[in-house]
1. Over the C-alpha atoms of the chain, what are the Rg and the largest Cα-to-Cα span, Dmax, in Å?
2. Mind running the shape call on region 1-136? Use the C-alpha gyration tensor, a ≥ b ≥ c as the square roots of the eigenvalues: rounded below 1.5 for a/c, prolate if a/b tops b/c, oblate otherwise.
3. Please report how far the C-alpha centroid of region 86-110 lies from that of region 219-235, rounded to the nearest whole angstrom.
4. Hey, what number do you get for the chain at 222 nm if only DSSP H runs of n ≥ 4 count, each worth -39500 (n - 2.57), divided across all residues, to the nearest 500?
5. In whole Å, what is the distance between the alpha-carbon centres of region 1-48 and region 181-201?
6. So what does the Cα-only Debye profile of region 201-307 read at q = 0.12, 0.17, 0.23 Å⁻¹, as log10 I(q)/I(0), no solvent term?
7. So in the chain, what percent of DSSP beta bridges are antiparallel if you round to the nearest 5?
8. Using alpha carbon centroids, what distance separates region 249-270 and region 113-174, in Å?
């Protein structure tokens, strides 16, 4: 089983200030753990590529990128909203993050990798069709999923988001596209408080109270996600892999651990074997304690790599 690991050192150039939780150290911690454990040597390591304007427009309004470009400062930081800031290199990093999903889809569909994980930042799942928000500029997973749907043999896809925050941007982009199943588990009530109550056959929202823990998380996944997968039968599976529901993460209070991420990844890998010819593209979203993030990614990667 070949697993691609797609990343780029320039994703570390995006810097929203010394106190911001979505920091360059996140990717450094992931790489350090994967190298120390020897797992990195088993992976098909690839450099991210830039996304094109046409590919951004697969998921976003035509002027979305131009509006962002107008906000990029020549120096210092400009806040697009109260949480989301641009520095001079932010859109360079965001372009590489989004482009990594395109590369991942291509490598999987070309048979060069069975699955792929994109260790990139900034994340993407809060970026709506026409709004950057929640640390996100381009919706990386949505761009990748729509790119996949343009390829021969890919008629239905499914996106599974276990970040502690609801993937509102992904829901916004796909709410009226029944060929895309979007399943999201998240703490509620909690940021971003958008689309958590939406009613669509292809949107499976799984809100959880604070302090819910492993048992509630696993029960929700088994009772809500599995039937949805079985009904949808996706040709390819995408994962918005946010690890900020970990009990050591400072951002929220769901109280998961590495074994929960190993478990949910195994369940999705089993579904990919059944319905999707093992095709999985996973992209990093949240996770703001560098240590717990790195070990959670290790568990996720071990499953993808067949350990």
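Derivation of every value follows stated rules applied to the coordinates shown; laboratory data play no part. The structure presented is a predicted model; accordingly, all values stated were derived computationally and were not measured. Reconstructed Cβ throughout: ideal geometry from the backbone, glycine too, with neighbour counts over all protein chains shown.
1. Looking at the chain, its Cα Rg and Dmax stand at 17.3, 50 Å.
2. Values: a/c = 2.53, a/b = 1.40, b/c = 1.81.
It comes out oblate by the Cα gyration axes.
3. Their Cα centres are 28 Å away from one another.
4. Numbers: 10 runs with 109 residues, N = 307.
Calculated at 222 nm, the ellipticity per residue is -10500 deg cm²/dmol.
5. The two parts, judged by their Cα centres, are 28 Å apart.
6. Log10 I(q)/I(0), no solvent term: -0.40, -0.81, -1.38.
7. Numbers: 3 of 37 bridges.
Once the DSSP bridges in the chain are tallied, antiparallel ones form about 10 percent.
8. 19 Å
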